Amino acid sequence: MALLDPLFGFAAMGEVFTDAARLQRMLDFEAALARAEARCGVIPSGAAPAIALKCKAELLDVNALAAATAASLNPAIPLVKQLTALVAKDNPEAARFVHWGATSQDANDTGLVLQIRQALDILETDLATLCTGLVQLAQKHRSAPIAGRTLMQHALPTTFGVKVAAWLDAMNRHRERLAECRIRVLVVQFGGAVGTLAALGEKGLQVAEALAAELHLALPTMPWHTERDRVAEVATTLGLCTGTLGKIARDISLHMQTEISEVFEPVGEGRGGSSTMPHKRNPVSAAIMLSAATRVPGLVSTMLSAMVQEDERGLGDWHAEWETLPEIFRLTAGALHQMATIVPHLEIDAARMRRNLDATQGLIFAEAVTMTIGTHIGKSSAHALMEEASRQTRESGKHLREVLAQTRAVTERLTSAELDRLFDPENYQGVAEELVDRVINASLKR
């Protein structure tokens, strides 16, 4: 699918999950294992450098390894076989100690953890860039009036700053989740055949500690061969992040509609056009993010389903993770990079936002009038009065302000100036600006 990879993915993330990268991370485990075991006196000290010297993915016959994987059901098995042969050419004695005391899942899972660490670094960089852009956008439009919309209809006035602050607040939570996720996920997997490290005798934990130190990973309290909550947590965390990106993309695309025209993706050569309609300006980045938000939940479901594994080694469930988690990372990274790229360049038409406030002939201010009149005649009576005034506004085509000026129950209680004040959106924003400031301040403290 090389034709579509640049559309839905992000090149930097794609490099993390290539075949070569997968194999290299497994080889990194093998080299680190040899060094750890040599340090602990489990294997001869001279064996470690001889093994590490051959732990280079470019030395492997990838085609032969792929064919052997189809038969062995596990790439670590043919990888260890090839690595042993490579070491044996120069140092037959050292070759005896390749993969000493480990099991194939140790190499697979620890290699995956090393890939996850690199992948999280990429995501966190784009998350930081995105949050910086959202902070700037929220600050700039902190007080800009815009129609708040509920169930796709005009509701009450709010500010564009509040809308952006809500996006930012959610993205900050995703940054926290990823940081917390690192603590639980970036751990070594090392347990041997059934998780007891029996092949290493009394030195099992000593080697495990040395291995974790070699790889700069934490050592978990015990191996986790069939306890898959760690990788499932990564998947679900990315699923949450992608869902928020989809929500923001949905908002942008809705506000980019011709009839609304309040927010626009940046323009560029070959960007957002149509093959037949030269006037089109399509929300292309939003489409990519929405595509990811549509696809990722199903992939997350696969990761959650794969948690149910048998005894000390999963049959099929573990294997179901291998292509699924990289795809989640790829789609999330693609969507996140798109958002981080466009947010600083979004075109905001604040004047159009203000004009659109009046699209319903003042009905968006009905609650403001209701609350004020309610102090005189009670909430229930005021609500009924405004329901009738709203009906007259819709049927007559008059502005609500004009209808109310002809309503005795209103004019007896409110002056013309008081009515005018109620139809100024800046007078009915509640604590909007305070909310924006709270989110921005929290973001800047990170």
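The values are calculated or read from the model by the stated rules, or taken from the named source; none is laboratory data. For clarity, every value in this text was computed on a predicted model and none was experimentally measured. Glycine also receives a Cβ, built like all others from the backbone with ideal geometry; neighbour counts cover every protein chain displayed. Note: areas computed on protein heavy atoms with side chains; ligands, DNA, RNA excluded. Shrake-Rupley method; radii C 1.70, N 1.55, O 1.52, S 1.80 Å.
List every residue pair whose Cβ atoms lie under 8 Å apart, where the two residues are 6 or more positions apart in sequence or sit on different chains, the first residue falls within the range 299-315 and is within 27 Å of T332 (Cα to Cα), and the second residue, located anywhere, is open to solvent by 60 Å² or more (accessible area, probe 1.4 Å) and assigned to a helix (DSSP H, G or I).
Final answer for the pair search is M307/D229.
Could you tell me whether T375 is surrounded by fewer than 14 Cβ atoms within 10 Å (Cβ to Cβ), part of a helix (DSSP H, G or I) and more than 37 Å from the chain's Cα centre (by Cα)?
Numbers: surrounded by fewer than 14 Cβ atoms within 10 Å (Cβ to Cβ): yes; part of a helix (DSSP H, G or I): yes; more than 37 Å from the chain's Cα centre (by Cα): yes.
So T375 passes the test.
Listed residues A147, A128; which is touching a residue at least 12 places away in the same chain (Cβ under 8 Å), touching a Ser or Thr at 6+ places or on another chain (Cβ under 9 Å) and either open to solvent by 50 Å² or more (accessible area, probe 1.4 Å) or not β-branched (V, I, T) (or both)?
None of the others qualify; the one that does is A147.
Given (1) of a type in the set (A, V, I, L, M); (2) under 28 Å from the mean Cα position of the chain (by Cα); (3) assigned to a helix (DSSP H, G or I), where does I51 come up short, assuming only one miss?
Of everything listed in (1) of a type in the set (A, V, I, L, M); (2) under 28 Å from the mean Cα position of the chain (by Cα); (3) assigned to a helix (DSSP H, G or I), I51 misses just condition (2).
Pick from the range 250-269 the residues that are open to solvent by 10 Å² or more (accessible area, probe 1.4 Å) and among the hydrophobic types (A, V, I, L, M, F, W, C): which of them is modelled with the lowest pLDDT?
Among those residues, the one meeting the criterion is V267.
State the number of residues belonging to the range 190-221 that are of a type in the set (V, I, T) and over 16 Å from Q105 (Cβ atoms). So that I can check it myself, show each step before the final result.
Start the filter on the range 190-221 by keeping residues that are of a type in the set (V, I, T), which leaves 194, 196, 207, 221.
Those still in the list that are over 16 Å from Q105 (Cβ atoms) too: 207, 221.
So the answer is 2.
Among the residues of the range 420-446, count how many are out of contact with any Pro (no Cβ under 7 Å at 6 or more places or on another chain), assigned to a helix (DSSP H, G or I) and surrounded by 18 or more Cβ atoms within 10 Å (Cβ to Cβ).
Of the residues in the range 420-446, 7 are out of contact with any Pro (no Cβ under 7 Å at 6 or more places or on another chain), assigned to a helix (DSSP H, G or I) and surrounded by 18 or more Cβ atoms within 10 Å (Cβ to Cβ).
Can you tell me which of (1) in contact with a helix residue (DSSP H, G or I) (Cβ under 8 Å, 6 or more places away or on another chain); (2) over 24 Å from R295 (Cα atoms) is the one V234 doesn't meet?
(2)
May I ask you to list the residues in the range 195-249 that are touching a residue at least 60 places away in the same chain (Cβ under 8 Å), of a type in the set (V, I, T) and open to solvent by 20 Å² or more (accessible area, probe 1.4 Å)?
Answer for the range 195-249, where residues must be touching a residue at least 60 places away in the same chain (Cβ under 8 Å), of a type in the set (V, I, T) and open to solvent by 20 Å² or more (accessible area, probe 1.4 Å): T236, T244.
May I ask you to list pairs of residues, at least six apart or on different chains, whose Cβ atoms are under 7 Å apart, with the first in the range 72-95 being within 17 Å of A20 (Cβ to Cβ) and the second being open to solvent by 40 Å² or more (accessible area, probe 1.4 Å) and of a type in the set (D, E)?
Short answer, once both residue conditions are applied: Q82/D61.
Out of all the residues in the range 336-360, which are assigned to a helix (DSSP H, G or I), touching a residue at least 40 places away in the same chain (Cβ under 8 Å), of a type in the set (A, V, I, L, M) and open to solvent by 20 Å² or more (accessible area, probe 1.4 Å)? Break it down stepwise before answering.
Taking the range 336-360 and keeping what is assigned to a helix (DSSP H, G or I), we get 336-345, 350-356.
The next check asks that each one be touching a residue at least 40 places away in the same chain (Cβ under 8 Å); those that pass are 336-345, 350, 352-354, 356.
When the remaining residues are screened for being of a type in the set (A, V, I, L, M), the result is 336, 339-340, 342-343, 350, 353.
Residue satisfying the conditions is A350 alone.
If we keep just the residues of the range 270-289 that are open to solvent by 30 Å² or more (accessible area, probe 1.4 Å) and in a helix (DSSP H, G or I), which is modelled with the lowest pLDDT?
V284
Being without any contact (Cβ under 8 Å) to a residue 12 or more places away in the chain and in contact with a Ser or Thr (Cβ under 8 Å, 6 or more places away or on another chain) is the filter here; which residues of the range 361-419 pass it?
If the condition is that a residue be without any contact (Cβ under 8 Å) to a residue 12 or more places away in the chain and in contact with a Ser or Thr (Cβ under 8 Å, 6 or more places away or on another chain), then G374, K379 are the ones that fit.
Filter the range 31-65 down to the residues that are within 22 Å of E323 (Cα to Cα) and in contact (Cβ under 8 Å) with a residue 40 or more places away in the chain, then identify the one that is surrounded by the fewest Cβ atoms within 10 Å (Cβ to Cβ).
V62
Give me a count of the residues in the range 150-166 that are polar (S, T, N, Q) and open to solvent by 40 Å² or more (accessible area, probe 1.4 Å).
Number of matching residues: 2.
Given the options R184, R175, name the one that is open to solvent by 70 Å² or more (accessible area, probe 1.4 Å), modelled with pLDDT of 95 or more and in contact with a helix residue (DSSP H, G or I) (Cβ under 7 Å, 6 or more places away or on another chain).
R184
Give the range 1-24 a look and list any residue that's more than 24 Å from the chain's Cα centre (by Cα) and open to solvent by 20 Å² or more (accessible area, probe 1.4 Å), or say none.
Step one: list which residues in the range 1-24 are more than 24 Å from the chain's Cα centre (by Cα), which gives 20, 23-24.
Scanning the range 1-24 gives A20, Q24.
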